[in-house]
Amino acid sequence: MKNKKLFIILGSVAVLLGAAASITVTAQNEYKLVRQFGKVKRVISSPGISLKIPFLETTATLPKETLLYDLSPSDVITKDKKTMISDSYVLWKIQDPLKFAQTLNSSVENGESRINTAVYNATKNVISSMSQDEVITSRDGELSQAVMESIGNNMEQYGVSLLLFETKQLDLPEDNKDAVYERMISERDNIAATFKAQGSSEAKVIRNTTDKEIAIKISEAEKQAEILKAEGEQEYMKTLAQAYGEEGRSDFYSFVRSLDALKKSMKGQDKTVILSQDSPIAKIFEGN
């Protein structure tokens, strides 16, 4: 009777252990690798409870979320043989867990090692193709984009996707930082002076050209004004000739002009006018 109870208890425990061994739970932020005799048989990527063959199949976990890998600061050489210190990081994730397990033995550390090598080589190649000034002025995104393009899809063979590369710090060694900054300031001052001289020269040319054009236009306008004035006077004389061409009209015109001359001469308080006998005005008053 006692042996029967013991057998039942042992059987129940074995059933519970088997049931527990046949169940695997996958979280939202992870992959489950189901292995049989060390080989990955399938990948569980959906969260929830799954079944496996107890004692024959084992499971391993890989992260599904985005991971951060911080690279160690390293020296890089620019095209003009200047040393700079690069401190950067990458965001990455496991895109293909089966390929990741097959190539990197399901090890995140192995994945980070491959990433470190790929990113360092790409950073070194990109910076070695740029001058120090170009590197410094490309820290707003151009350098990161160039490094990502250099890496390309090299990490896909490991089931890894690189999402972002950023430089936390890209600086000069402390021993020559001040000298480099002073040289850069001097070079930019020279460039600014060159642009200023070019601008002044172009402005002078524009002013001279404009002054010449204005002088030409003024000369043409004055010439045209003289022509119009001459034409007006000619027309005026022609009109007068037509109006006073006859003898009677001519005498009347002379009379009117004489009166106008007399009027202009009688200014101020003194209204006395002294005329010679042969004066046209005197002849008017004499009735001649």
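The values are calculated or read from the model by the stated rules, or taken from the named source; none is laboratory data. What you are looking at is a predicted structure, and each value in this text was computed from that prediction instead of being measured. Positions of Cβ are backbone-derived with ideal geometry, glycine not excepted, and every protein chain shown enters the neighbour counts. Side chains included, ligands, DNA and RNA excluded: accessible areas come from the protein's heavy atoms. Shrake-Rupley method; radii C 1.70, N 1.55, O 1.52, S 1.80 Å.
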When the residues of region 18-44 are filtered to those that are exposed (fewer than 13 other Cβ atoms within 10 Å of the Cβ), in a loop (DSSP other than H, G, I, E, B) and among the small types (Gly, Ala, Ser), which remaining residue is modelled with the highest pLDDT? Ala27
For Val135, which of the numbered conditions (1) touching a residue at least 24 places away in the same chain (Cβ under 8 Å); (2) farther than 18 Å from Val76 by Cβ fails to hold? (2)
Among the residues that make up region 192-215, is at least one of them modelled with pLDDT under 85 and either open to solvent by 70 Å² or more (accessible area, probe 1.4 Å) or within 25 Å of Ala118 (Cβ to Cβ) (or both)? no
Filter region 74-101 down to residues that are more than 25 Å from Ile44 (Cα to Cα) and among the hydrophobic types (A, V, I, L, M, F, W, C) and give me whichever is surrounded by the most Cβ atoms within 10 Å (Cβ to Cβ). Val90
Of the residues Ala282, Ala261, Ala179, Ala243, which is modelled with pLDDT under 75, surrounded by 10 or more Cβ atoms within 10 Å (Cβ to Cβ) and in contact with a Leu (Cβ under 6 Å, 6 or more places away or on another chain)? Ala282
Restricting to region 149-160, and then to whatever is open to solvent by 30 Å² or more (accessible area, probe 1.4 Å) and among the small types (Gly, Ala, Ser), can you tell me which residue is nearest to Glu65 (Cα to Cα)? Gly152
So, restricting to helices (runs of 4 or more DSSP H) that lie completely within region 76-167, which ones have at least 1 residues that are modelled with pLDDT of 90 or more? 97-104, 108-128, 142-151
Of the residues that make up region 102-123, is at least one within 29 Å of Arg188 (Cβ to Cβ), open to solvent by 30 Å² or more (accessible area, probe 1.4 Å), out of contact with any Asp or Glu (no Cβ under 7 Å at 6 or more places or on another chain) and free of Cβ contacts under 8 Å to residues at least 12 places away in the same chain? no
Complete set of residues in region 41-59 that are in contact with a strand residue (DSSP E or B) (Cβ under 7 Å, 6 or more places away or on another chain) and more than 21 Å from Gln102 (Cα to Cα): Pro47, Gly48, Ile49, Ser50, Leu51
Just need a number here: residues in region 52-65 that are at pLDDT 90 or above, in a loop (DSSP other than H, G, I, E, B) and surrounded by 13 or more Cβ atoms within 10 Å (Cβ to Cβ). 1
